[in-house]
Amino acid sequence: MRVNGVAFRSIWYDEHEKSVKIIDQRWLPYEFRTAFLKTRNDFAIAISDMWVRGAPLIGATAAYAIAEEMAVDPSNENLASAWKQLNETRPTAINLRWALTRCKNALEILPENARAVAAMKLAHDIAEEDVAINQNIGMHTLDLIRKLAAERPTGAPINILTHCNAGWLATVDWGTATSGMYQAHDAGIPIHVWVDETRPRNQGGLTSWELGSHGIPHTYITDNAGGHLMQHGQVDMVIVGTDRTTSRGDVCNKIGTYLKALAAFDNGVPFYVALPSPTIDWTVADGVTEIPIEERQASEVSHIMGIDSNKNIGTVQITPVGTETGNPAFDVTPNRLITGLITERGITEASSKGLLSLFPEFKVQNK
Ligand code: MRU
């Protein structure tokens, strides 16, 4: 997507510097900065401290980390230890384990002297595949939005609510939840997006920054406003992303998603999840009991980052000194609350039957 008219991806290989480069998301939406990642520790810190974030982007970043690591030491021991260190950086988004395991399986059958080149090719493949998957998710989302627009002869915009940032910043390009928004806007269908703030990390600021850069009308709202807007007919559909979807279609996503799904269900508002297939964890069924939920540091809740009128970026404390805070970063929306899963192969119901109808080559591995 474009930043000030220049095409960017969230991660890329800088041929000039011979190094992986990322958009450093810690500074957005206040400042646009990029950073090089060189060592295994650079990559691990960038993932755990959320310089890069979003399930698909975390996966692609881990693949590039393995590629860089293979150029340093292609041994089996190093491959296993890189897999372990990177896999521990964030526990909930399954794309991390998916990408690392794909790399490990492909590389350990090769002679050591062939691994560096193969690993870099694989990282590029994973990145390109992500872009194609998201573009297809967007096409299927566009069909849904087009249908809603056809039912509205007044030409008033379709109001879409989204939570967190499942945008191009959270993927290599396009985003998952946002891909259809970009495609609808580009097709001339009027849309307006309600952007949840998404405390504590305020990923809504990233979504607003993205949508604003693309000229899509949107309104940033507090996390508690969505239910009220739905009761008053101001939300036509909800589209969110996912960090891990189980074989039966339970969806784990950014904390607060479940409450939006409950409100949507109560108000008859369609609730869709944009789901790239690498985000399906075929080894688990019950999302509530089986998915590990990342607990992040207290300071994300007790403090908030912002920019003052002198354009200085800073952090202030918002809780009384010494107050205990809790920071579960994700929650699980049970499949019964989900209208449909929008995958790269089409839209299906949130169930094992639905997922297997689109992905018959996979097997449910849980009991
Ligand atoms: O903690 P984050 O910012 O990495 O969480 C991101 C989300 O929850 C996204 O909705 C999810 O990863 C899907 S991104 C296409």
Cβ-based net charge around ASN202, under 13 Å, with every Lys or Arg adding one and every Asp or Glu removing one: +1
In degrees, nearest ten, helix 115-150 long axis to first principal axis of the chain (Cα): 10 degrees
Inter-probe distance in nm under a simple model that places probes 7 Å from Cα toward Cβ, at ARG33 and LEU110: 3.4 nm
LEU356-ALA225 pseudo-label distance in nm [points 7 Å out on the Cα-to-Cβ vector]: 4.4 nm
Reach of LYS18 by Cα under 20 Å, taken over aspartates and glutamates that are not fewer than 8 positions away in the same chain: ASP42, GLU68, GLU69, ASP73, ASP125, GLU128
Among the listed pairs LYS84/LYS121; LYS254/LYS311; LYS84/LYS260; LYS21/LYS363, those beyond 26 Å (Cα-Cα): LYS254/LYS311; LYS84/LYS260; LYS21/LYS363
For ASN253, net neighbour charge (Lys/Arg +1, Asp/Glu -1) across residues whose Cβ lies under 10 Å away: +1
Most to least packed among 181-194, 215-228 [average Cβ atoms within 10 Å]: 181-194, 215-228
Packing rank of 78-87, 253-262, where each peptide gets the mean count of other beta carbons within 10 Å, highest leading: 253-262, 78-87
Peptide ranges 232-245, 316-329 listed from the most packed, as the mean C-beta count within 10 angstrom indicates: 232-245, 316-329
Degrees between helix 257-267 axis and first principal axis of the chain (Cα, 0 to 90, nearest 10): 30 degrees
Between helix 203-213 and the chain: long-axis angle, C-alpha atoms, 0 to 90°, nearest 10: 80 degrees
The chain: Cα Rg divided by the 2.2 N^0.38 Å rule of thumb: 0.97
DSSP bridge pairs, segment 137-366: antiparallel proportion in percent, nearest 5: 45 percent
Longest to shortest principal axis, alpha-carbon extents of segment 2-128, angstrom: 45, 33, 22
Label-point gap, in nm, between LYS363 and GLU77 - each point 7 angstrom along Cα→Cβ: 3.5 nm
Residue-by-residue Karplus 3J(HN,Hα) for segment 281-291, coefficients 6.51, -1.76, 1.60, Hz, glycine and proline x: 9, 6, 8, 10, 10, 8, x, 5, 8, 10, 9
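Before rounding to the nearest 500, sum -39500 (n - 2.57) across all DSSP H runs of length at least 4 in the chain and divide by the residue total; then give [θ] at 222 nm in deg cm²/dmol.
-11500 deg cm²/dmol
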Net charge, ILE293 excluded, C-beta distance under 14 Å - Lys, Arg +1, Asp, Glu -1: -4
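Only the coordinates and a few stated rules stand behind these numbers; no lab work does. Quantities reported herein were computed from a predicted structural model and do not represent experimental measurements. All Cβ positions, glycine included, derive from the backbone under ideal geometry; neighbour counts span all protein chains shown.
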